[in-house]
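Note sheet for the following structure.
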Amino acid sequence: MFPASCMNRVVITGLGIYSCLGKNLAEVKDSLYAGKSGIVFDPDRKEFGYRSALTGMVDRPNLKGLLDRRARVMLPEQGEYAYMATLEALANAKMDQDYIDSKEVGIIYGNDSSAEAVISGIDLMREKKDNTLVGSGSVFQTMNSTVTMNLATIFKLKGINFTVSAACASGSHAIGLGYHFIKSGLQECIICGGAQEINKFSMGNFDALSAFSVREAEPTKASRPFDRDRDGLIPSGGAATVILESLESALKRGAPILGEVLGYGFSSNGAHISNPTVDGPVRALTMALKDAGIAADQVAYINAHATSTPAGDASEAKAIDQVFGQSRPFVSSTKSMTGHECWMAGASEIVYSMLMMQHGFIAPNINFENPDEDSAKLNIAKTTINKEFEIFLSNSFGFGGTNSSLIVKKWT
Amino acid sequence: MTNENIILKINEFLTDEFEVEAGSITPEANLKKTLDLDSLDYIDLVVVVESNFGFKVKPEDFTHIVSFQDFYDYVIRRVDAKELA
């Protein structure tokens, strides 16, 4: 460990979002405040064989005119979303290409699949029986690191450059690692985030686990984290970007400082590949609080991981109650509106929580009508709450038992 | 397919695929420079020829193709050979 005296403070200077709640920060803020769902029924999925055809949906951006042909050929769906979110985040951070060219700006992004690119490429190879005919873009679209390799090329980044694949905690760990690289002084600025493809090829095998809600007649009611009558999650996607910077760098260039990353806690359950535990999240939560140097009662809001699965929500509710049972901060799962944004969720939920903190409200956990015995112990925001707050915590958990908790403080 | 039709088709898919002005493609112009081709773009050129004419350009064939006229001649020769086969 580096001595504390050598540690940098790590601040957030830019945010960008492209999600089923909106294609930019302003649209998403309004959706969060209004408690608007981004979930739809996708008939194409039913035709494809999905048990549940519910999904979050966002249009693919038209990048012609924004990116040249070479860059576009390399980008898979989630890479396009990541590009849009990063464009917005860089503008939000008032960071232009001249600045990027003069510094070693890095990128650490969460992504854990590129199914459509893999499947369409393999289908073409099978049909043509000649691999050349798959074209030049396929290999760059299919790798898990597709987002970071593409964005690092497009924005000509010269710092740290890799992808974090940690299932549904990918985006959160990406921010946590970015925080550590800056805290330790190895980097001054890192573009962090998470991206998630939405296409029907990406979630078929997850659907196979019967983990998705089948409340198909009421798409906007189907994602109901913590509610007694929840019956599963709903996949979703898009991308979110968070610009992390050392406080010194942000002050030097006169950047807008939006918040400070105070703590990152992580753990592994050391148990089942898909069944959650209480102990794993408790250790991540405790570690985040310790890293932040704050007491549990200083956290005003928890953006829960809760995906709307019976087992996952119950375990998280127990973990939150165990650590925050005395202070009972407000809790909501924005997945009630977005569905589960998987590899992107850990980053998007930092953006959502930042928007709430900037605009003085707590977004509702929509569809929370009746608690069960675990969620009854939490202070869940059923409706939008107008409230200024200074510190929030965001949870992200993933297959294999990977857990990540981030704590962020408002910059005042 | 007549040679004129082949050339029209080539010009159409090249302007579309490589996003260049139609006017920049002339028989004498340099194919690589005009289309701004790098090593990866040549792979996409192989793909677009195959999808339009049903034959595959061997990478080594490009060494003899400098101008658009060279490219037209090459494609016409391959199309003719295919039609005769």
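The values are calculated or read from the model by the stated rules, or taken from the named source; none is laboratory data. No experiment lies behind these values; they were computed from the predicted model shown. Cβ coordinates were reconstructed from backbone atoms using ideal geometry, including for glycine residues, and neighbour counts include every protein chain displayed.
The numbered conditions (1) within 14 Å of another protein chain (Cβ to nearest Cβ); (2) touching a residue at least 24 places away in the same chain (Cβ under 8 Å); (3) surrounded by fewer than 15 Cβ atoms within 10 Å (Cβ to Cβ) are all true for A:Glu104 except (1). Looking across B:Glu83, B:Glu12, B:Glu4, B:Glu28, one residue alone is away from chain A (no Cβ under 14 Å), among the acidic types (Asp, Glu) and outside any helix (DSSP H, G or I). It is B:Glu28.
For the stretch A:139-160, taking the residues that are without any contact (Cβ under 8 Å) to a residue 40 or more places away in the chain and part of a loop (DSSP other than H, G, I, E, B), the one that is farthest from A:Met344 (Cα to Cα) is identified as A:Met143.
When you check A:Phe324 against the structure, is it touching a Phe, Trp or Tyr at 6+ places or on another chain (Cβ under 7 Å), at pLDDT 95 or above and surrounded by fewer than 24 Cβ atoms within 10 Å (Cβ to Cβ), yes or no? Criteria not met by A:Phe324. A:Val139: in the same structural domain as A:Ser202 (by TED's automatic domain parsing), out of contact with any Gly (no Cβ under 6 Å at 6 or more places or on another chain) and among the β-branched types (Val, Ile, Thr), yes or no? Against the criterion (in the same structural domain as A:Ser202 (by TED's automatic domain parsing), out of contact with any Gly (no Cβ under 6 Å at 6 or more places or on another chain) and among the β-branched types (Val, Ile, Thr)), A:Val139 qualifies. For first residues located in the stretch A:368-384 and of a type in the set (Phe, Trp, Tyr), partners that are assigned to a loop (DSSP other than H, G, I, E, B) and lie 6+ apart or on another chain with Cβ distances below 8 Å form the pairs A:Phe368/A:Arg224; A:Phe368/A:Pro225; A:Phe368/A:Phe226; A:Phe368/A:Lys382.
Checking each residue in the stretch A:199-223 for being in contact with a helix residue (DSSP H, G or I) (Cβ under 6 Å, 6 or more places away or on another chain) and under 12 Å from A:Ser308 (Cβ atoms) picks out A:Ser213, A:Arg215, A:Ser223.
Condition (residue is closer than 16 Å to A:Ser170 by Cα and of a type in the set (Phe, Trp, Tyr)) applied to the stretch A:339-352: is it met by at least one residue? Yes, because at least one residue in the stretch A:339-352 is closer than 16 Å to A:Ser170 by Cα and of a type in the set (Phe, Trp, Tyr). Annotation: of all residues in the stretch A:107-138 being in contact with a Leu (Cβ under 7 Å, 6 or more places away or on another chain) and either among the acidic types (Asp, Glu) or part of a helix (DSSP H, G or I) (or both), the one that is nearest to the other protein chains (Cβ to nearest Cβ) is A:Leu133. For first residues located in the stretch A:201-224 and at negative phi, partners that are assigned to a helix (DSSP H, G or I) and basic (Lys, Arg) and lie 6+ apart or on another chain with Cβ distances below 7 Å form the pairs A:Arg215/A:Lys221; A:Ser223/A:Lys335.
Considered as a group, the residues in the stretch B:56-71 that are modelled with pLDDT under 95 and surrounded by fewer than 18 Cβ atoms within 10 Å (Cβ to Cβ) include one that is farthest from B:Asn11 (Cα to Cα), and that residue is B:Glu60. Looking at the stretch A:196-267, the helices (runs of 4 or more DSSP H) lying wholly inside it that each contain 2 or more residues that are outside the structural domain of A:Phe399 (by TED's automatic domain parsing), under 21 Å from A:Ser114 (Cβ atoms) and modelled with pLDDT of 95 or more sit at A:204-207.
Condition first: within 17 Å of the chain's Cα centre (by Cα), part of a loop (DSSP other than H, G, I, E, B) and buried (at least 24 other Cβ atoms within 10 Å of the Cβ). Can you find one or more residues in the stretch A:393-403 that meet it? No, because not a single residue in the stretch A:393-403 is within 17 Å of the chain's Cα centre (by Cα), part of a loop (DSSP other than H, G, I, E, B) and buried (at least 24 other Cβ atoms within 10 Å of the Cβ).
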